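Working notes, beginning with the structure itself.
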Amino acid sequence: MSRVSPRVLALLALLTFVWGTNWPLFKIALDELPVLTFRAGVLSTAAIVLTLLLLARGESFAVPKGKWPALVAASAMNLFIWNIATSLAVLYIPSGHASVLAYTMPLWVALIGFVVFGQKLTGRLLAAILIGAAAVLALMLPNFASYANAPAGLFWGLFAGFCWAVGTFVVKRTSWPGMGLSLTFWQVMISLPPILLGALLFDGVPRHWPSAAALAATVYTGAIPMALGTASWFALVKILPAQVAGLSSIAIPIVAIASGVLALGEPLSALQAAAIASTVVALWLALVPGKTR
């Protein structure tokens, strides 16, 4: 595996920080807003931000001929189904537990790549995946009791991670000539109408204006993690091997836990600390190549 450039590593670190620190804000918004209403607000904000960025940069909104089927599939897996599946998971299990399950995506990426596409796993990358899986398992262990009582939550959380993995391969294995930010823009625009409709049907029209904190959390989530973060993620997927790009996301729940400790005063268990250490080792194995002889 070739060495990952410092610029790519910096982008990975920034994306991990942005997506990881967003989970405490997610909790703040959901204290006042129904899940689908929150998702609709996030995607609406993302659509506005991406439109303004595309206009400011003078980039084309055009979709290359023959790419619409792949674009719809990518949008369905990366945004629509992922948002719905994680929303359903939150109905049955705590949101923090659901996030850990959703971020099993790199394990699904490795499995799909090996079984479906015949991709070989180097010993170093295989070790990184196994250690990363151990980190995820360490985060899940304290919550097995709640999973046993809510199998639907377990299913929807894992299904979210699986769909994200499929969407990653759709983006990775499709050529997108001339599409930069517009790749993210159109995925948001395709997913937004059904999410808005679902919010109206299941949540109804909001009866009161949310607090400044909830509104700020929603707008920030749409503008930064959803719009800019998702665009950065797709850029990384194009550059890195699918397994490496996927494995990099393992660190996100770790940052989410650390954010909860610092921002919300949540406790840090020895098991969580071990998971953090395991994640650091897994990322080092995946992103830093071994010495050649």
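The values are calculated or read from the model by the stated rules, or taken from the named source; none is laboratory data. This structure is a prediction, so every number in the text was calculated from the model and none was measured. Cβ coordinates were reconstructed from backbone atoms using ideal geometry, including for glycine residues, and neighbour counts include every protein chain displayed. The accessibility values were calculated without ligands, DNA or RNA, using every heavy atom of the protein model including side chains. Shrake-Rupley method; radii C 1.70, N 1.55, O 1.52, S 1.80 Å.
With the condition being closer than 13 Å to T221 by Cβ and of a type outside the set (S, T, N, Q), I'd like the helices (runs of 4 or more DSSP H) fully within the stretch 1-104 carrying at least 1 qualifying residues. Let's see the steps before the verdict.
Numbers: elements: 6-30, 35-57, 68-75, 81-92, 95-102.
In the stretch 1-104, the matching helices (runs of 4 or more DSSP H) lie at 6-30, 35-57.
In this entry, P225 passes the filter for residues that are more than 25 Å from R124 (Cα to Cα), open to solvent by less than 20 Å² (accessible area, probe 1.4 Å), modelled with pLDDT of 90 or more and not acidic (D, E). Within the stretch 236-259, the presence of a residue that is assigned to a helix (DSSP H, G or I), over 21 Å from the mean Cα position of the chain (by Cα) and at pLDDT 75 or above is excluded.
For (1) at pLDDT below 95; (2) touching a helix residue (DSSP H, G or I) at 6+ places or on another chain (Cβ under 8 Å), each residue gets a yes or a no:
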| position | (1), (2) |
| --- | --- |
| G178 | yes, no |
| S182 | no, yes |
| F234 | yes, yes |
| I276 | yes, yes |
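Here F114 meets each of (1) of a type in the set (F, W, Y); (2) surrounded by fewer than 20 Cβ atoms within 10 Å (Cβ to Cβ); (3) under 19 Å from R39 (Cα atoms) with one exception, condition (3).
Report yes if G178 is touching a Ser or Thr at 6+ places or on another chain (Cβ under 7 Å) and open to solvent by 70 Å² or more (accessible area, probe 1.4 Å), otherwise no. Taking the combined requirement at face value, the residue satisfies it.
As a summary of the residue check, I28 satisfies the conditions (1) β-branched (V, I, T); (2) open to solvent by less than 50 Å² (accessible area, probe 1.4 Å); (3) modelled with pLDDT under 95 except for the one numbered (2). Screening I195 with (1) at pLDDT 70 or above; (2) hydrophobic (A, V, I, L, M, F, W, C); (3) open to solvent by 10 Å² or more (accessible area, probe 1.4 Å) gives one miss only, at (3). Between T45, T37, the distinction of being open to solvent by less than 50 Å² (accessible area, probe 1.4 Å), under 23 Å from V255 (Cβ atoms) and modelled with pLDDT of 90 or more belongs to T45 only. When G58 is tested against the conditions (1) on the phi < 0 side of the Ramachandran plot; (2) open to solvent by 60 Å² or more (accessible area, probe 1.4 Å), the lone failure is (1). Assessment of the stretch 185-197 against the conditions (touching a residue at least 12 places away in the same chain (Cβ under 8 Å) and in contact with a Pro (Cβ under 9 Å, 6 or more places away or on another chain)) yields no matching residue. Determine if the stretch 195-204 includes at least one residue that is under 19 Å from L30 (Cα atoms) and not in a helix (DSSP H, G or I). Yes, the stretch 195-204 has at least one match.
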